[in-house]
Amino acid sequence: MKISELFKTKKVVYSFEIFPPKVESNISGIYDTLDNLSDLKPDYISVTYSAGGGSNNARSIELASLVKNKYHVEPLAHVTCINSTKQKVIDTIEALKKEGIENILALRGDRIPGSVCNDFKYASDLISFIKERGDFDIAGACYPETHPEAISSEVDIENLKRKVDLGLTHLNTQLFYDNDDFYRFIDKVRGAGINVPIQAGIMPLVKKSNVDRTIQMAATKIPAKLSRMIAKFNDDPTALMEAGILYATDQIADLLSSSACQGIHVYVMNNAYVAKKITQNVSSLIDGINNGD
Ligand code: FAD
């Protein structure tokens, strides 16, 4: 099924993001996680794809196929392009087609130092390339706090508009912790004539190891409320886990009250416990909205 069909029937689409297990480990190690995630009935599950290439890319395709063909949940397969040759991207597209996958999140990815591949420069190059080669729904990424390389939020949104105009069916945001950044972004994006559905990306900060890495990689702002929470519970793993779940729940409840987004995409990081707790907290809100007038 094409994910665009979901946005036609639901006011709020609810999804998870997972990553493939390392190639050295057995793929069956993720079965437990997928058993639990699929029980939560997300509308779809997205599967990350390493811009660094390597054998993990085959794992991403294998995992997306597993989500679809064993767990019967719609997958959104991430595909990156910046360090790839055209041939490698063609191989990936063909492999996805073979597995019956109909939805791709087309991404540039981050350049690897020393990479000499110049076949693709931006996600927009990849979007056109995929469109010429298959009948996929293609989604894209967007940045409520502006992409770190963009010279301004205005230019970033101009670039986003160019990308969307190539035929993207929806957008997933980078993670953010201050909903006001998201609301400001939505105002600007809608003002720029970008009308596709946008799902808010929520990354629960539940582990000490995640905290620094997440903040650094996503270049995201940490509001005082979250900073206090981290400072207080950083050395107590159980408390940090529960506080992170509560923070994410609070963010989602606020987003759902606003009608600014058409979906919630939870970066569950293969943590079925976190996914379950958050889903239990918010599912009645989402069901209420989807079943209301
Ligand atoms: P683009 O849309 O190409 O934008 C990149 C930069 O170039 C921006 O600053 C933009 O303003 C600028 N730009 C775009 N077009 C032009 C143009 N024509 N001229 C000049 N400037 C331009 N990374 C992974 O490796 N694997 C993943 O699975 C993955 N999943 C992600 C999922 C989501 C929802 C998000 C938000 C990010 C994900 N990333 C992933 C990270 C992503 O690859 C990086 O953020 C990357 O730096 C940008 O990718 P993009 O597709 O947004 O790039």
³J(HN,Hα), Karplus 6.51/-1.76/1.60, whole Hz, each residue of the range 245-258, x for Gly, Pro: 5, 5, 4, 5, 4, 4, 4, 5, 4, 5, 4, 5, 6, 8
Those GluC sites (Glu not before Pro) in the range 1-82 that DSSP places in a loop and that have at most 10 other beta carbons within 10 Å: Glu24
Estimated vicinal HN-Hα couplings, Hz - the range 18-24 in sequence order (Karplus 6.51, -1.76, 1.60; Gly, Pro = x): 10, 10, x, x, 4, 4, 5
Helix-only [θ]222 nm of the chain, DSSP H runs n ≥ 4, -39500 (n - 2.57) each, per residue, nearest 500: -15000 deg cm²/dmol
Gained length - His72 relative to Val23, 0.36 nm times residue gap less alpha-carbon distance: 15.3 nm
Arg228 accessible area, assembled protein chains, probe 1.4 Å, Å²: 150 Å²
Entries in Lys207/Lys276; Lys2/Lys98; Lys98/Lys131; Lys41/Lys208 that, when Cα-Cα distance is taken, lie over 19 Å: Lys41/Lys208
13 Å beta-carbon shell around Lys207, net charge (K/R +1, D/E -1): -2
Heavy atoms of Ser25: accessible area, 1.4 Å probe, square angstrom to 10: 50 Å²
Phi to ³J(HN,Hα) by Karplus 6.51 cos²θ - 1.76 cosθ + 1.60 over the range 167-172, Hz, x for Gly, Pro: x, 5, 9, 7, 10, 10
Gain upon complete extension [Glu132, Ser227; 0.36 nm per residue less C-alpha separation]: 29.6 nm
Sulfur and carbon atoms: percent of accessible area, the chain [1.4 Å]: 51 percent
Amide H contacts of Lys207 (H built 1.01 Å from N, under 5 Å, at least 5 apart or other chain): none
Distance between modelled label sites at Lys97 and Ile151, nm, 7 Å Cα→Cβ extension: 3.9 nm
Net dipole in debye of the chain [+1 Lys, Arg Cβ; -1 Asp, Glu Cβ; about Cα centre; nearest 20]: 240 debye
Long-range HN-HN contacts of Ala219 with modeled amide H, under 5 Å: none
Probe 1.4 Å, all protein chains present, accessible-area order of Met229, Met217, Met269, largest first: Met217, Met269, Met229
Spacing of the two label points (7 Å from each Cα toward its C-beta) at Asn36 and Asp110, in nm: 2.7 nm
In the range 103-203, the GluC sites (Glu not before Pro) that fall in loop regions by DSSP, at most 15 other Cβ within 10 Å: Glu132, Glu149
Accessible area expressed per residue, the chain, with surrounding protein chains retained (probe 1.4 Å, Å²): 46 Å²
Among Lys68, Lys225, Lys97: highest mean-square fluctuation, GNM of the chain, C-alpha pairs under 10 Å: Lys225
Whole-angstrom gap from the range 136-192 to the range 4-74, using each part's C-alpha centre: 23 Å
Within straight-line cross-link reach of Lys88, aspartates and glutamates at Cα separation under 13 Å, skipping those fewer than 8 residues along the same chain: Asp119
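The values are calculated or read from the model by the stated rules, or taken from the named source; none is laboratory data. Values in this document were obtained by computation on a predicted structure and should not be read as measured data. We place every Cβ from the backbone using ideal geometry, glycine too, and count neighbours over all the protein chains shown. Note: accessible area is taken over every heavy atom of the protein model, side chains too, but ligands, DNA and RNA are not part of it. Shrake-Rupley method; radii C 1.70, N 1.55, O 1.52, S 1.80 Å.
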